[in-house]
Amino acid sequence: MTRPASPLAATLIERFHQAWQTGVPGSIPQLLNEWGLAESASAAGDRRGLALELIKIDLEQRWMRVDSPASLPRAPQGCAATIQHARLLEAYLDDLDVTLDESAILELLAHEFRVRQRWGDRPNFDEYASRFERLGRVAVERLESELTVERSLRSLLDDCDESFPILTSNDSAGGLESSPTETLCQVYATIRPFAELAPVVLEALALHSTIREFQSGDVLLRQGADADGLLVILDGAVEVSVVDSGARHSIARLERHAIVGELGVFTRERRSASVTAVSAGRAAFIPREKLEHLVGHHPEMTAALSELISERIGTLALDVLWGKVLHGYRVRQRLGRGGMGIVYAATDVASGADVALKMLRHDLVYDRAVLRRFRQEAAIVQSLQHPNIVRVFGEFSAYGTCFIAMELCDGLPLDDFLAQLKALPEASVRGIVGQLATALCHSHGQGVAHRDIKPSNVLVARDGTVKLSDFGLARCSLSDSTALTTFGQIIGTPRYMAPEQLAGERGDTRSDLYALGAVTYELLTGRPLFRAHRFPDLVRERWNWSFPSRSEFPADLDERLFLLMRDCLVEDPEARRVAWDEVTAWSAPVGWTMSDDACSHGS
């Protein structure tokens, strides 16, 4: 899912950043109100998306200023209170007039967890389960899965030892120089992602580090300069900013134990941002040639750096890619972040057209299967020129990873429709299913099976056009792409998978028919065909399921919709049938029935 760039939203986010840089917290309700009063907001903005970004920034800035995280009370007592500067998520949910669905709340919970852990607090799963009982244990388990890139959260909590020596500007120089390697090893062992490296690697990093002192206003790293190494902030504070079209934009304020300059070292590109000291302090500098030498002997260093970059890029609406021109596309704003990649709004410099850039996460670049799938998606979809399929313009490499340039669709994914409206009117369902069937009829005719059809991969543009997106798991019978999936490997989204896919078979165009039936059922009823979240529970539910009888549906349900579901949702792939001519004839633009607040998303 992507969101169209909103200049107003970007401006408000920038103002909020600047307010915090001056030490004066901004007002989120005031900014949201200002957004709502703007004439252009209904066409270009996203109130919920803006609220998410502002909450993330506010959480980070407030926790950054907590003097003693250990003194904060544990939930549920006082969980919505302001303690010193910090706030917990409930405070925002109570104060702001914004409706957030479960996925948005989980996104914020994951962000709050990272922020708290980064600034010395000790969050745990039991706390989150008690604070958000309405989400349930399943949601907390999904939160844990969301953070697998940080290893196990339990291990993270065990690794976070508050007994390490903290270097501050009050430490004597002699104290540091008396055992610099040992001291820096101890510090590096507490900083992600260095904390995951073996002691021998940490010792080598410390041996190659030099200590640099800085004063307020010093430029530690300059945008456009050669990336000669990275810095670990030992004490003091710095600001990360980018300059675009002569204007300076603040990205983040970082304090002790932050790593900066890693993107340039990893990609060997010139500095993508400037880092300026906002207070006096010290930093450990590790030269690029030393890091590259270590990478040659310890490949896990590459994984550590790529993991750090993956966490940094795409977390906020503005990041270090702001304003960069990549392969002829100028990056404007981050739109969304998914399991495999991050999507940005961009402009084709030559034509001025709006596009979306899908970037493969840096921590996945070295996974050959993922990389091949990513590139295969670009190749397959570029060959499927169809109005009901999101267009792909090409694939290219930049900043150490891969990008896909694709159509920017101003609309909503079907799961957002369902979250807001529950069941859809039959006329809308027929129009959606008809257009989706038209897309499938075309792709199947080209030998391409999508294999991951679900509401979040079906977009409805503002003009009512339905577009099938995300062909990352597609299989083309006319190529050798089947080698990417072996028998017994389960890929896709289990809730919408055909039985043969759940059994470990590769799946083909007949599997898409099953998913089409499942999506049709969900659009009509407002609930998924299978409700279980955990895979074992889902398998048990599927085992005991049989297609409902006609009497279990409303008496006035269109008989053709009932027959479509019945004929698609059969166990035997050979028995699945779709009367393509009849179903594609239902194709019609879908009318928008939701508020403008909810209707600014893209491809």
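Could you please find all residues in the stretch 578-603 being under 30 Å from residue 508 (Cα atoms) and modelled with pLDDT under 90?
590, 601, 602, 603
When you scan the stretch 283-295, do you find a residue that is without any contact (Cβ under 8 Å) to a residue 24 or more places away in the chain and in contact with a strand residue (DSSP E or B) (Cβ under 6 Å, 6 or more places away or on another chain), even just one? Checked the stretch 283-295: no residue is without any contact (Cβ under 8 Å) to a residue 24 or more places away in the chain and in contact with a strand residue (DSSP E or B) (Cβ under 6 Å, 6 or more places away or on another chain).
For (1) aliphatic (A, V, I, L, M); (2) in contact with a Cys (Cβ under 7 Å, 6 or more places away or on another chain), each residue gets a yes or a no:
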site	(1), (2)
320	yes, no
325	yes, no
337	no, no
344	no, no
350	yes, no
357	yes, no
368	no, no
375	no, yes
391	no, no
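Can you name every residue in the stretch 320-357 that is among the hydroxyl-bearing types (Ser, Thr, Tyr), touching a residue at least 12 places away in the same chain (Cβ under 8 Å) and farther than 22 Å from residue 266 by Cα?
Selection gives 347 alone.
Listed conditions (1) touching a residue at least 60 places away in the same chain (Cβ under 8 Å); (2) under 24 Å from residue 56 (Cβ atoms) are all met by residue 302, apart from (2).
Each row is one residue, and each column tells you yes or no for (1) of a type in the set (S, T, N, Q); (2) surrounded by 13 or more Cβ atoms within 10 Å (Cβ to Cβ); (3) touching a residue at least 40 places away in the same chain (Cβ under 8 Å).
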site	(1), (2), (3)
521	no, yes, yes
535	no, no, yes
543	no, no, no
546	yes, no, no
565	no, yes, yes
569	no, yes, yes
582	no, yes, no
586	no, yes, yes
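Filtering 134, 122 for residues that are surrounded by 14 or more Cβ atoms within 10 Å (Cβ to Cβ), at pLDDT below 75 and not in a helix (DSSP H, G or I) leaves a single hit, 122. Every condition in (1) in contact with a Pro (Cβ under 6 Å, 6 or more places away or on another chain); (2) surrounded by fewer than 19 Cβ atoms within 10 Å (Cβ to Cβ); (3) charged (D, E, K, R) holds for residue 307 except the one numbered (2). Candidates 439, 423, 419: the one that is under 30 Å from residue 328 (Cβ atoms) and assigned by TED's automatic domain parsing to the domain that holds residue 472 is 439. Only helices (runs of 4 or more DSSP H) whose full extent lies in the stretch 490-595 are considered here, and the ones with at least 3 residues that are of a type in the set (S, T, N, Q) are 509-525. Of the strands (runs of 3 or more DSSP E) lying entirely inside the stretch 274-369, those carrying at least 2 residues that are assigned by TED's automatic domain parsing to the domain that holds residue 393 are 329-337, 341-348, 354-360.
Just one of the listed residues (218, 235) is touching a Gly at 6+ places or on another chain (Cβ under 8 Å) and crowded, with 16+ Cβ neighbours inside 10 Å, and it is 235.
Listed here are the residues, each with its yes/no results for (1) aromatic (Phe, Trp, Tyr); (2) crowded, with 18+ Cβ neighbours inside 10 Å; (3) under 15 Å from the mean Cα position of the chain (by Cα).
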| site | (1), (2), (3) |
| --- | --- |
| 270 | no, no, no |
| 278 | no, no, no |
| 284 | no, yes, no |
| 289 | no, no, no |
| 292 | no, no, no |
| 298 | no, no, no |
| 313 | no, yes, yes |
| 331 | no, yes, no |
| 346 | no, yes, no |
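Among the conditions (1) of a type outside the set (A, V, I, L, M); (2) without any contact (Cβ under 8 Å) to a residue 12 or more places away in the chain; (3) on the phi > 0 side of the Ramachandran plot, residue 394 misses just one, which is (2). Report yes if residue 403 is among the aromatic types (Phe, Trp, Tyr), part of a strand (DSSP E or B), without any contact (Cβ under 8 Å) to a residue 60 or more places away in the chain and closer than 20 Å to residue 348 by Cα, otherwise no. In short, no.
The values are calculated or read from the model by the stated rules, or taken from the named source; none is laboratory data. Since this is a predicted model, take the numbers as computed values, not measurements. Positions of Cβ are generated from backbone atoms using ideal geometry, with glycine treated the same way; all protein chains shown enter the neighbour counts.
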